[in-house]
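Single-structure report; data block below.
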Amino acid sequence: MDQLTLGIGTRLQHTQYGPGVIVGIRFATYLISFINHGVKEIDKNDTQLDEIIPENVTEEIETHSDVEKSLLKILRLWGGITETVPLGDRWKGGVMLLQPADKSQKPKDVPIEAFFHKIVMLRDRLRVLEQQINAHKQLSDEDKVNMQQYITRIYGSLTTFNVLFRQKEHWFIGEKGAKED
């Protein structure tokens, strides 16, 4: 196998791990997402690795449920990665002051950027939770709808923090906001 022609998205078959797709390339290794084994780092010269030529792909190698399982594993593995969401300009470099009612106690300064990052991570994790609920095979449609409504109410509780976001499309939208659209 010519290691110079393989790129991200190339389908491979490994004797031990089965079918997979290259999701990253390093100097001497590939990061390969295997359907049943998750992401593994494999040496480019591994003799147990063969490229799957597209015309040889059968339903056994790639089914919709296998692809879905693999994607869910990848989402869980990389769940800590968040999209870049811009903070409103007026808050950059700002500080949030948490002042106890008892003035003898010291207040706590929290950089707005750190607080904003936590809010964005919370929003992203709620989105992943929604995706997992929607893809869940054992939940009934009624259960999925009930859980979605609960998540929507959580978004509604977080609308106070919309003032921190630069762009409106990143805002939390609860039940009232969804009905207005």
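Quick note: the coordinates plus some simple rules give every number you see, no bench work behind them. All figures in this text were calculated on a predicted structure; none of them were measured in a lab. When we count neighbours, we look across all protein chains shown, and the Cβ atoms used for this are built from the backbone with ideal geometry, even at glycine.
Mind listing the long-range amide H neighbours of Phe165? Cut-off is under 5 Å, sequence gap 5 or more, other chains count too, H placed in the peptide plane at 1.01 Å from N.
Gly88
At a 10 Å Cβ-Cβ cut-off, how would you order Thr159, Thr15, Thr84, fewest neighbours first?
Ranked by crowding around the Cβ, least crowded first: Thr84, Thr15, Thr159.
For Val95, which sequence-distant residues (separation of 5 or more, or a different chain) have an amide H within less than 5 Å of its own amide H, given hydrogens modelled in the peptide plane?
Those lying under 5 Å, H to H, from Val95 are Ile112.
If you filter region 116-181 for trypsin sites (Lys or Arg not before Pro), then keep DSSP loop positions with at most 12 other Cβ within 10 Å, what is left?
When the trypsin sites (Lys or Arg not before Pro) of region 116-181 are filtered for loop state and at most 12 Cβ neighbours within 10 Å, Lys137 remain.
Treat the count of other C-beta atoms within 10 Å as a stand-in for reagent exposure and order Glu51, Glu41 from fewest to most.
With the sparsest Cβ surroundings first, the list reads Glu41, Glu51.
Let me know the number of lysine pairs in region 122-181 closer than 25 Å at the Cα, not counting same-chain pairs under 8 apart.
4
Starting from the alpha-carbon convex hull of region 89-180, give the projected area averaged over all orientations, in nm².
8.3 nm²
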